[in-house]
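Here, each number is a calculation from the coordinates, and none is a lab measurement. Everything quoted here is computed from the prediction, not taken from an experiment.
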Amino acid sequence: MFNFIKNIGTTEIILIAIILLVIFGPRLIKMLGRTSGQTLKEVKNIKKEFTKAIEVDDNKPGKN
């Protein structure tokens, strides 16, 4: 269904970025970028904590 995404090149990405910039303006694009970065950081932290909790649980005595 989304096979066209594999065929998107640099030119298309730049064109999409320019269109978004024109539609939403630089302030909103900057805010979206910052929010996306913070969200990605949160997801990485949650993943790290989850992995750590699983490792601690696996190392408890009495587990077979």
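Across region 40-47, in residue order, what do the Karplus-derived ³J(HN,Hα) couplings come to in whole Hz, using 6.51 cos²θ - 1.76 cosθ + 1.60 with θ = phi - 60° and x for Gly and Pro?
4, 4, 4, 4, 5, 5, 5, 4
When Rg is the radius of gyration of the Cα atoms in the chain and Rh is its Kirkwood radius, what does Rg/Rh come to?
Rounded to two decimals, Rg/Rh equals 1.29.
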